[in-house]
1. Any idea which of 33, 63 is over 30 Å from residue 127 (Cβ atoms) and either modelled with pLDDT of 95 or more or outside any helix (DSSP H, G or I) (or both)?
2. Give me the pairs, please: first residue somewhere in segment 77-93 and over 20 Å from residue 12 (Cβ atoms), second residue anywhere and at pLDDT 95 or above and among the β-branched types (Val, Ile, Thr), beta-carbon distance under 8 Å, and either six or more positions apart or on two chains.
3. Within segment 76-117, which residues are at pLDDT 90 or above and of a type in the set (Gly, Ala, Ser)?
4. For segment 58-100, enumerate the residues that are of a type in the set (Asp, Glu) and surrounded by fewer than 18 Cβ atoms within 10 Å (Cβ to Cβ).
5. I'd like to check which helices (runs of 4 or more DSSP H) are fully inside segment 138-233 and have at least 1 residues that are among the polar types (S, T, N, Q) and crowded, with 20+ Cβ neighbours inside 10 Å.
6. Quick check on segment 130-176: of everything there that is among the polar types (S, T, N, Q) and more than 20 Å from residue 38 (Cα to Cα), which residue is farthest from the chain's Cα centre (by Cα)?
7. Please give the number of the condition residue 144 fails out of (1) charged (D, E, K, R); (2) farther than 21 Å from residue 92 by Cα; (3) at pLDDT 95 or above.
8. From (1) of a type outside the set (A, V, I, L, M, F, W, C); (2) more than 22 Å from residue 107 (Cβ to Cβ); (3) at pLDDT below 90, pick out the condition that doesn't hold for residue 187.
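The values are calculated or read from the model by the stated rules, or taken from the named source; none is laboratory data. This one's a predicted model, so the numbers in the text were calculated from it and none came from an experiment. A quick note on method: Cβ atoms are made from the backbone with ideal geometry, for glycine too, and the neighbour counts reach across all protein chains shown.
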Amino acid sequence: MEMHFDQHISRQFNEDLESLKSEMLEMGGMVTRQVADAVEALANADSELADKVLRVEKEIDRREMDLDEHATLIIAKRQPAASDLRMVMSVIRISRDLERVGDEAAKIAKMAIELTEEGTAPRGYTEIRHIASAVRKMLNDALDAYTRFDVKAALATLAEDEQVDMDYRTALREMITYMMEDPRSISRVMNVLWSLRSLERIGDHAKNICEQVVYLVEGADIRHGHEENLRKL
C-alpha cells in the first residue's frame, strides 16, 4: 500500500514527520549492528567488541529519549490526525522496542565477557548463530517493511517469529540435557541459555515492529493476539 505524508499546507510539518522517521530508522540501524556485534563477541570470545556494545548502549538509550521528545513536540505543536498521528505513535512504540533490543544485545555482550573470563568455550554456539541469524533477518525485514509501508512484508516477517520460538525451545532442551550429562558445564551453559533467551526476545521485538507497520498503514491494532483485526486485512 502506498502512503503519502506530503500533503500538508505546512512544509515544516512534512519535514518534521520525515525527520522523525529517519531518526527512528537510523536508530534501527545502530541496534541491528549491536546485535551482530554482541553475537560476534560471544562466538569469538572477543571482550573488546563486547565492551564496545556496552558503550554504544548508552547512545541508543539517549536516542530513544530524543525520539520520544521529538514525537511529543510534534503532537503538541501540530496536533496530527489520522495517518499522521499513527506515524508519530508508531515511531514512539518502535523506538521503545529498539531500545529494548539494545538492552538484549548488551546482555549478550555481558555473557560474552563472562565466558571469555572463564576461558572455556561451551556448547551452544551453533544454536546461537542459527537463531541470531534468524532474528537479525527479522529485525532488518521489519524495519524495511516500515520504510516501504509494506503490510504484506510485515505480516510475512511477523510469521517468522513462530519458527524462532520453536528453534529456541529445541536449543533449550539440548542445553538442559547437556548440563544434566555434565554438571561441571552448568555455569558456562547458563550463560549460553541467557544469550539464547535474549535472542528470542529480540525476535519478539521485531514482531512488535511488524505490528506497528500494520497499525500505521491499515489503522488496525493486531497486538496481543487480536486475530479478528488481522483477518480483516
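1. Checking each option against the conditions leaves just 63.
2. Going by the 8 Å Cβ cut-off, the qualifying pairs are 90/213.
3. Across segment 76-117, the qualifying residues are 76, 90, 95, 102, 105, 106, 109, 112.
4. 59, 61, 66, 68, 69
5. Ranges flagged: 151-159, 186-218.
6. Pass one, segment 130-176, residues among the polar types (S, T, N, Q): 133, 140, 147, 157, 163, 170.
The next check asks that each one be more than 20 Å from residue 38 (Cα to Cα); those that pass are 147, 157, 163, 170.
Values: 147: 15, 157: 12, 163: 16, 170: 22 Å.
So the residue we want is 170.
7. All conditions pass for residue 144, except number (2).
8. Only one criterion in (1) of a type outside the set (A, V, I, L, M, F, W, C); (2) more than 22 Å from residue 107 (Cβ to Cβ); (3) at pLDDT below 90 is unmet by residue 187, namely (2).
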